[in-house]
Every structure is written in C-alpha cells, then in structure tokens.
Amino acid sequence: MKRYRWDKKYLYWGVTAFLVIAACIVFYMLVSNLGWLQRTVQQLTAILSPFVWGFVIAYLLYPVMKIYNRCLFVPLCNLLLGRSGRAETLAPKVARGLSVFLSIITLLVVVGALLWMVVPQLYTSVETIVLGSTDYLRRADAWLTRMLEDYPEVEAAVTSLFGDLSDGLFTWMQNNLLPEFRGLITAFTVNVYNVVRSIYNIIIGIIVSVYLLYSKEHFCARCKKVVYCIFSLEASERLISGINYTNDVFMGFISGKILDSLIIALLCYIGCIIMGIPYALLVSFIIGLTNIIPFFGPFIGAIPSALIILTVSGWKMLFFIIFVLVLQQFDGNVLGPKILGNRVGVNGFWVMFSIIVGAGLFGFAGMLLGVPVFVVIYTFFRDLVNRKLARSDLPVETEAYVDISHIDPRSGETVTRPPKEKRSSTGLRGWLARRKAQNTAPSEEAPEPQETQTDAPAEDTDDTTGD
C-alpha cells in the first residue's frame, strides 16, 4: 500500500480558505447586527471615557510637566540631594513627582481663572440682554407701526399673518407642548445625569493622567516591546517613526493653536475696550475659543458676537465686524504662520476638506482635530507614493510632472508636451490643434517612401510607368 505524503502547500490552502470563509461569516454577522454593534461601541466608549480623558489631559500637560522637570525641579533636587549617596536614583523620581503635581495645579488654576473671569461676565451679559429685551421689542414695535401706517396693504397682510401665527401657536401648545412636558422633564434629568457623569470622568481622568505622566517612559517602553515582538525590525522602525511624527504634528498643532487663540482673544479684548464695544470680555472669549477651529473658526465666533453687540448698537456691530476681519487677516497672514510654522504643510483646499469631513463624522472634535489627522494621512500617503516612484526609477518631485505628456512604458523615458499644446491646451481650437498634430506626425514603425523607391528595381518602375 502506497503511503500518503503530506504536502504543506495543501495545508496552507486549507487554512487560507477557512480564514476567508470565517471572515465572510463575521462580516455578514456584523452587517446584520449594526444596531447591536453600535450600542456595544457606545457602551465601551462610556466605560473607557475616564481613560480617554486621562490620556488627553496627560497629552496636553506633558510639555508643561517637561518644562517644570527640566528647568526647575531637576536642578533643585540635584542641589538639595547632591551630597546624598542616593541622589542619582532619588532625584529624578522626586523631580518627576513634583513636576506632575505642579502641572495638575497649573491646569486647575488656569481653568478656575477662566471660569472666574468668564462666568460672571457671561451672567451679567445675558442678564443685560434679557432685561433689555423689552426695550428692544418696544423699539421694533414702534418701527413696525411707523412702517405699517405708511403702507395699509402691508398692514393688512401682516395682521392676517400674525393672526394665523397666534392660532397655530395656541394649537401647538395645546396639542403638542403639554403632552410632551413629561418628555422635557425626562430629558432634563438625562442632561443632569450626563453633566454629573462628565464631571466624574474628568476627575477620574485627572487621576489617570497622574499615572501616565509619572510613568510615561515605562508605558512607552512596554509599547515598543510589544511592537518589536509582533512586527519585523524594519516594520517596527517605520511604525515607531510614524508614531513619533504623528505626535510631533499633533503636539505642535494643538499647542500652537492654543497659543494663537489666546493671543487673538487678548488682542480682541484690547481692541474692543479701545473702541468702546459692549460685552468686550464675552465676545473676546467667544472669538478666542472658536479661533481654535481652523478656517471656519473666525466666522463661527464672529456671527453670535455680532448679534450680541447688535442688541446695543448697530454702528458698533459694524465696527466690530471690520475689526474682526482685520484681526483675522493679521492672524492668518502674520501671527498664525509665525507660531505654527510649517506644521500644516497642505493648502487651503485640503484644510477645508479635512474640517468638513471631520465635522460630519465626529462633530466638534472632528473640526478641531481634522487638520492634524489629515496632515498625518497625507504625509504617509505621500511617502508611500514617493517610495514606489523611487523604486521604479521615476522622478519624485511634483514639478517634474508638469511638462510631461506621458512616460513610454517600454523605454521608461519621459515625453514632454510640444510647445503648441502648451499654448493652445484648452478649448475646441486647442483640441483640433492636438488632433492635427497627432495625425500629421510621422509614424516610427512605418517605412519611409524614399527607401521604398530606392529598393525597387528600375525595370519595374519603367514598366509601371508605361502601363
């Protein structure tokens, strides 16, 4: 009896077929249970929210902690523990602990100071607007009355419109508002629970950030250990370098935008005080907060601020709009490039694209982080394209492809566009010129007529002429 020989090739085929079938089954189950998957993701996100907050707080406080550690506590601990035998091991730990503690205190002080300055002013501004609403309504009513006295037809139409609106409002309150009042109470209770839950997540997040800041090197070392265990050395090096680049882009962009927004808010407050614009602190806070959002931030902040100022004076609202336009031009052309430098590295179209897509997918967080995420993805894709072109011995610079018509697939040589095509490359006339140039160009494979006549015998030529 012939013995069966086991071939590893068939084993690999079988394992591959099994994995493909299993992946198809899992994909079908996920598609069939999208609601369950969405609820599971939401529950998992709610459970991990304190750790997400802790990572965000630690990420934002790490530069502050690094400055405290390097410039203040390390020299101080070395000075105090310099004569001790355990100075080399004890001084870094004590310096790191004091730096983390002072960083958390700095965060609490900054947040408390902002709340102390903004909340009373915000309450005063809202109270003034509410108390002055009767005056605004009286002015609007007097203006409307004067206009209707001159135009009786408009008065009749407006009276009929207001009558219909009042009847519709009464019907809505009777049929919809009262039955839904219980739902409003439930929604208010849910919002209160969400606020309490958010405060709890922030407190736990601060505690988590303390652990992350104090043991940052150990966490990074463990992550690198896992990466080198799973991937090859070359892939691990690329992955670690990509993570470092992503960290540089995010840290530079976020810290730069925060500093830029603080300067813009301060300049806006000074300008509003000089021009006598009301609610100076409130509108400056709105302008500075929304300025963190690239491209659309100035418009998002200027619209509600202008409406708030309009309740006091229309001329001051106009002055404020002009001042904000000038301030945003200064920010976009002078201050922003000085602070951010070349951290963005993409043109305005891709910035707008990343903000719109990020806002559509992730809301306000997507608007804030859409640009750095797109910059990272764009850089990785650009490096991948450049490496593929370099392996094919093709030019990497984009400028090299401006005058290239095509690349010969057989010889690999670049063919540039003729000058006529450059001058008339658009419109119907340009298309006709290109077609004419292609039809009149001699073919490389066709034999030349002179060579054919030279190769033919003279006798044949005479006979043909005689016939």
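The values are calculated or read from the model by the stated rules, or taken from the named source; none is laboratory data. The structure presented is a predicted model; accordingly, all values stated were derived computationally and were not measured. All Cβ positions, glycine included, derive from the backbone under ideal geometry; neighbour counts span all protein chains shown. Quick note on the areas: whole protein, heavy atoms, side chains included, nothing else; ligands and nucleic acids left out. Shrake-Rupley method; radii C 1.70, N 1.55, O 1.52, S 1.80 Å.
Assorted remarks:
- Ranked by how many other beta carbons lie within 10 Å on average, peptides 382-388, 210-216 from highest: 210-216, 382-388
- Förster-model FRET efficiency, 30 Å R0, Val312 and Val109, C-beta, rounded to 0.05: 0.35
- Too-long pairs where the Cα-Cα distance tops 26 Å, listed order kept, from Lys257/Lys316; Lys216/Lys338; Lys93/Lys225; Lys93/Lys224; Lys224/Lys257: Lys257/Lys316; Lys216/Lys338; Lys224/Lys257
- Three-way shape call for the stretch 236-362 based on the alpha-carbon gyration tensor, with the a/c threshold at 1.5: prolate
- Sites listed here are trypsin sites (Lys or Arg not before Pro) in the stretch 21-85 whose DSSP assignment is loop and whose Cβ has at most 13 other Cβ atoms within 10 Å: Arg83.
- Apportionment of accessible area to carbon and sulfur, the stretch 229-324, percent (1.4 Å): 80 percent
- Compactness relative to 2.2 N^0.38 Å, alpha carbon Rg of the stretch 356-398: 1.60
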